[in-house]
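The values are calculated or read from the model by the stated rules, or taken from the named source; none is laboratory data. The model shown is predicted, which means the values in this text are computed figures rather than measured ones. With ideal geometry, Cβ positions are generated from the backbone for all residues, glycine too; neighbour counts draw on all protein chains shown.
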Amino acid sequence: MNDEYTVGAASDLTGMSIRTLHYYDQIALARPSSRSAAGYRLYTDADLSVLQRVAFYRELGLELGDIAEILAAPNATDEDHLRRQRELIEERITRYRSMLAVIDKELAARAVGIALTPGERREVFGEGQFVERLLDHAADTEREWGDTPEFTQRRQRTARYGEQDWQRLRAELAAINQGLADTMTRGLPATDPTAMDLAEQLRQHTDRWFHDCGYETHREMAEHYRANRRSGRNYDDMVPGLSQYVHDAIIANCRRAAS
């Protein structure tokens with residue numbers, strides 16, 4: 001089997017242009033092992049392996065000077081290069097995942113209408129874990145409810161909200177949630193009229209600010225809510241077990257309305 005390839009054949013096998021191969025030869029980055037009697041470049045299988053390494057490192061964004069240093073490392077084996085390439089790919093994957101996380105959170109924010117400037121978002125929601133969980137919850141909401149009329153209505157309504165609307169919305173919700181937390185810590189069961197009244201306020205809050213929310217819809221939301229642990233963390237951070245209490249109060253209120 002012939003193990004020498006002309007520059008044209010090497011170009012076809014590596015996907016590099018002939019001009020690039022000539023340039024790599026000129027700068028001593030990847031030279032052919034020999035030349036024909038007529039002076040034409042001839043590449044061996046080993047030369048093609050070097051060219052493939054160069055192409056791989058270039059794809060990963062390394063400069064030619066850096067690649068030359070890597071290739072010149074004494075006693076470096078094919079396995080060493082594969083491990084180095086794997087490390088570089090892992091670094092890129094980590095970086096891209098971080099970028100995707102930022103994009104996903106911004107898409108989630110826009111999907112539920114939180115199209116505020118960074119400064120406005122900090123003014124309304126503050127910073128730290130709360131806003132992170134808010135956007136995580138928005139992403140969960142889109143995944144679970146994205147194809148429903150309720151989600152479409154939610155997106156249409158909230159798209160019109162400005163900073164003051166979000167401040168009013170958050171203040172109202174905070175008061176309801178605090179009321180539920182206080183009711184639970186007082187030892188009242190979720191079936192107590194006080195707890196059910198607060199659950200009714202929560203339903204009306206959703207109906208007023210986000211989408212039509214009848215009792216059956218609210219019941220479905222409560223069931224989905226309990227099935228998603230991430231959605232309950234804000235409640236459980238207030239009082240451990242509050243997410244279950246809110247769920248139970250919603251169900252009790254729906255039963256009261258149906259009786």
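Determine whether region 88-103 contains at least one residue that is assigned by TED's automatic domain parsing to the domain that holds D236, within 21 Å of the chain's Cα centre (by Cα), modelled with pLDDT under 75 and under 19 Å from N234 (Cβ atoms).
For region 88-103, residues assigned by TED's automatic domain parsing to the domain that holds D236, within 21 Å of the chain's Cα centre (by Cα), modelled with pLDDT under 75 and under 19 Å from N234 (Cβ atoms): absent.
Looking only at residues that are surrounded by fewer than 17 Cβ atoms within 10 Å (Cβ to Cβ) and assigned to a loop (DSSP other than H, G, I, E, B) in region 192-227, which one is nearest to the chain's Cα centre (by Cα)?
It comes out as D212.
Answer yes or no as to whether R155 is modelled with pLDDT of 75 or more, within 22 Å of the chain's Cα centre (by Cα), surrounded by 16 or more Cβ atoms within 10 Å (Cβ to Cβ) and part of a helix (DSSP H, G or I).
When the stated conditions are applied, R155 passes them.
Quick one: would you say L173 is at pLDDT below 95 and closer than 24 Å to E220 by Cβ?
yes
Does S11 fit the bill of being surrounded by 15 or more Cβ atoms within 10 Å (Cβ to Cβ), free of Cβ contacts under 8 Å to residues at least 12 places away in the same chain and not aromatic (F, W, Y)?
Answer is yes for this residue.
Scan region 23-41 for residues that are surrounded by 12 or more Cβ atoms within 10 Å (Cβ to Cβ) and not in a loop (DSSP other than H, G, I, E, B) and jot them down.
Y23, Y24, D25, S34, R41
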